[in-house]
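A quick write-up on the structure given underneath.
Every read-out reported here was derived from the displayed coordinates using simple, explicitly stated rules and does not represent laboratory data. From a predicted model like this one, the values you see are computed outputs, not experimental measurements.
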Amino acid sequence: MVAEDMHIVRGALIALLQLEPDIEVVAEVASGDEILPVARATGAQVAVIDIDLPGKDGLTAAEELHEYLPDCRTLILTSLGRPGTLRRALAAKVSGFLLKDAPPDKLANAVRGVLAGRRMVDGDLALAAWDAADCPLTGREIDVLRLTAEGYETVEVAARLYLSAGTVRNYLTTVVAKLNARNRVDAIRIAKDSGWL
């Protein structure tokens, strides 16, 4: 199964995979919300998932597959070759992590590898992740920062996370301090550049 929201990219991925005699694409979806139900309905053995999808993002969808359909392996594709992104992917229990600018033959080999039960990770990115700093933010701080980055006001973030507006402001102040950022916008930039968001 291929999950990619950009039609041309999705078509190209499917065309590349269908060139392989031992790989059959059984489904394609354009949003993260479709991944679990379609994987269940088709019996997909491997889900090739873009990390940045509308609805549920690729990592959230991969976590759901791992929990509710553990026999379906997940291969995350991303254009963001950042160590923090790889760490988030591994924490989500994905089977593989591949950069979108990898040579085409790597895609088919990665699909075969994850199907065989191996972890398939871009070597250069794995080395960079080894040396990268850990995210200093807690899970709740990341949740608050992610919703803020999506454009929600403090009151809206508070309602979504069942917190008071004052608590959300305190979290954001702590995040700015932990990241040594100038303000919230700078904190969002730092977290995105590091692959923590």
Stretch residue 118-residue 26 to full length: gain in nm at 0.36 nm per residue minus the Cα-Cα span?
31.0 nm
Full extension from residue 169 to residue 185: what is 0.36 nm times the residue separation minus their Cα-Cα distance, to one decimal in nm?
4.4 nm
Residue 97 long-range amide H proximity, modeled H, under 5 Å:
76, 120, 121, 122
Within straight-line cross-link reach of residue 178, aspartates and glutamates at Cα separation under 20 Å, skipping those fewer than 8 residues along the same chain
131, 134, 141, 143, 186, 193
With θ taken as phi - 60° and the coefficients 6.51, -1.76 and 1.60, list the Karplus ³J(HN,Hα) couplings across segment 92-98 in order, rounded to whole Hz; mark glycine and proline as x.
7, 6, 6, 8, x, 8, 9
